[in-house]
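Working notes for the structure below.
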Amino acid sequence: MKRIHVDQIEKAIEEMCIEANYVLPVDVKNEIYEAMKTPATELEARTLEIMLKNIEMAETQQMAICQDTGMVIVYITMGQNTCIEGGYIEDAIHRGVAAGYEKGYLRKSIVKDPILRENTKNNCPAVIHYRLVPEDCFRLTLSVKGFGSENASQLKMLKPSDGVEGIVDFVTSSVIEKAPNACAPLVVGVGIGGTFEKVAALAKQALMRPLKQAHPESHIQNLEETLLQKINDSGVGPMGFGGNTTALAVHIETYPTHIAGLPVAVNICCYLNRHVTRSLL
Amino acid sequence: MKEKTIDLPLKNEEEIKELQVGDWLYLNGTIYVARDAAHLRIAERLSLGEPLPFPLKNQAIYYMGPAPAKPGQVIGSAGPTTATRMDRYTPQLLDMGLKVMIGKGRRSAAVINSMIENGGVYLAAIGGAAAYYANCIQSQEVIAYEDLGAEAILKIDVRNFPAVVAIDSFGNSIYDKE
């Protein structure tokens, strides 16, 4: 049996909160550089240029790329034989988030109650997802999700008869409508299948996949390409100012579903698709 | 694409009329910072007939809630937030003399109509470019609602702050061009 101490988890989470907020993953950065090669207008070129300059400045000055340092989402993938020692894992995660947001000078954006709206002042709690796997491992993926783009996300229970056409219509119309508010160029996570709650989780998980890494199934890969093409053909462009690049990527994750259903969820992320992965075992 | 440098606050209303949708601006001067919670408090104050903590006439408001400043920094990361959430409070502020709004994303028809009526302009800053904008801010001072933390009202002084005219005072919108 593999053992892991909660102190290790706490320390990792603290560091990952800061890293995710200061340094954009290289695959995301590369796609923005790609977009810079084919601007439609000077306005699009200048907008992308400031986006890139900002990413460089945040990294060199060691400060938050975006002032919306997000709500923390933690994915834990662990072997089913792993033993967690030294305390409750979620307490450790929250100590790590609180420390990371304090030491990293990150904005605390979480309110304790969605109706009463009092700030928790330490950016806790995080949203935590667990996945048990047969092999020995303990892997953390931490994402910081801003709400300009989270607010632009949508879920719809389509009918099986709506088919691929229905999916394409729903995804492209939600993305095009919301792109200016959500800080395009976007990374679009799409979930298809499962149940009401599963499809939302799939859409979020799709955002964690490295950009340009295609889906293993060819019909899904084709759908990803179709959606990206349609979204970029809209001409909405960075920040909705017009241009060739409205989305950097569309990622789809699927799950088996019921004979009567076709759930579809669109989780939108801005061009600052901030996440970090670390293995502790 | 026209490029212009604008000093804030605006000295006269004519300056607004010259700003056209799609213009690339560099802003210099004084801007007030307020987002969701501050707008709610302002609306509450106005409904009670109480004065506002800062003058609105000819002023600019930036929809923003900064990250904390590190030692030696003027301000932490300071990019724009979505303007749409401020729409319900905005026509009233335009009626009182607010001229310039800086944020990101679409505005409601009610806001656009009020902008046309009152001669206001809506500028979009580059979303997410928060470290870049922090470097454009020369000074900052909390002028009201310190208890709101990142949502307090600030008075900031900016230099070469880039923004795009997203909706001009005639109601032309960059978001309608698709």
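Structure notes:
- Selection count, region B:98-150, where residues are more than 10 Å from chain A (Cβ to nearest Cβ), buried (at least 24 other Cβ atoms within 10 Å of the Cβ), part of a strand (DSSP E or B) and without any contact (Cβ under 8 Å) to a residue 60 or more places away in the chain: 2
- Among residues of region A:67-96, those that are facing chain B (nearest Cβ under 10 Å) and either in contact with a strand residue (DSSP E or B) (Cβ under 7 Å, 6 or more places away or on another chain) or not in a loop (DSSP other than H, G, I, E, B) (or both), counted: 1
- The residues listed here are B:Ile116, B:Ile112, B:Ile153, B:Ile137; of these, the one that is farther than 18 Å from B:Phe54 by Cβ and touching a strand residue (DSSP E or B) at 6+ places or on another chain (Cβ under 8 Å) is B:Ile112.
- Here the helices (runs of 4 or more DSSP H) wholly within region A:113-213 that include at least 1 residues being away from every other protein chain (no Cβ under 14 Å), surrounded by 24 or more Cβ atoms within 10 Å (Cβ to Cβ) and of a type in the set (Gly, Ala, Ser) are A:196-206.
- Residues considered: A:Leu281, A:Leu211. Of these, the only one that is more than 16 Å from the chain's Cα centre (by Cα) and under 28 Å from A:Thr77 (Cβ atoms) is A:Leu281.
- Exclusive hit being more than 9 Å from chain B (Cβ to nearest Cβ) and in contact with a helix residue (DSSP H, G or I) (Cβ under 7 Å, 6 or more places away or on another chain), set A:Ala64, A:Ala40, A:Ala99, A:Ala20: A:Ala99
- Residue check for B:Asp87: in contact with a Ser or Thr (Cβ under 9 Å, 6 or more places away or on another chain) and under 25 Å from A:Gly242 (Cα atoms): yes
- Checking each residue in region B:41-59 for being over 16 Å from the mean Cα position of the chain (by Cα) and buried (at least 17 other Cβ atoms within 10 Å of the Cβ) picks out only B:Arg41.
- For A:Glu49: the one exception among (1) touching an Asp or Glu at 6+ places or on another chain (Cβ under 8 Å); (2) under 18 Å from B:Ala163 (Cα atoms): (1)
We did not get these values from a lab; they are worked out from the coordinates using the rules stated. Because the structure is predicted, anything quoted here is derived from the model rather than measured. Here Cβ is always computed from backbone atoms with ideal geometry, including for glycine, and neighbour counts include all displayed protein chains.
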